[in-house]
Amino acid sequence: CPVYPGFVPFVMNPSVPVTKPVRYGCVIRVRPERFQEYRREHAAVWPEVLATITRCHIRNYSIYHQDGFLFGYYEYYGSDHAADMRVMAADPATQRWWALMEPMQDPLDSRQPGEWWARMEEVFHLD
């Protein structure tokens with residue numbers, strides 16, 4: 001998951017045709033001494049960050065916590081995930097948000113080059 005914020009409201013962009021989404025799951029550790037701060041920040045994600053996530057065709061975004069791990073899930077409705085992630089990474093508000101979140105997180109050693117959150121393999125899905 002290239003993005004860190006929590007819930008993103010579902011807002012369809014009429015210029016983007018509705019397609020079957022691509023699901024993404026990702027995981028990272030949260031530093032125990034920073035978890036309450038992480039939770040507080042995610043209770044009020046900046047509107048500019050939420051708008052960028054939505055503009056980048058991400059919907060149904062959630063972050064869960066258990067035993068020091070954060071599990072992120074979102075659905076991607078665009079046609080070029082890599083390009084949308086570059087748009088997100090270039091957004092100044094998102095860059096400031098990430099700079100605030102990164103010290104609270106502890107990435108997994110098993111993540112791929114260029115990842116902060118480690119991508120997870122989907123092993124089951126039921127619509």
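The values are calculated or read from the model by the stated rules, or taken from the named source; none is laboratory data. As the structure is a prediction and not an experimental result, all values here were calculated from the model. Positions of Cβ are generated from backbone atoms using ideal geometry, with glycine treated the same way; all protein chains shown enter the neighbour counts. Just the protein is used for accessible areas: all its heavy atoms, side chains included, with ligands, DNA and RNA removed. Shrake-Rupley method; radii C 1.70, N 1.55, O 1.52, S 1.80 Å.
Some observations on this one:
- Protein accessible area in the stretch 10-127, 1.4 Å probe - carbon and sulfur %: 56 percent
- The stretch between His125 and Leu108, if pulled fully straight at 0.36 nm per residue, gains 3.7 nm over its current Cα-Cα span.
- For the pair Gln36 and Ser79, a Förster radius of 30 Å applied to the C-beta separation gives a FRET efficiency near 0.20, rounded to the nearest 0.05.
- Taken per residue, the accessible surface of the chain reaches 59 Å², heavy atoms only and a 1.4 Å probe.
- Cα-based Rg of the stretch 26-127 normalised by 2.2 N^0.38 Å, two decimals: 1.08
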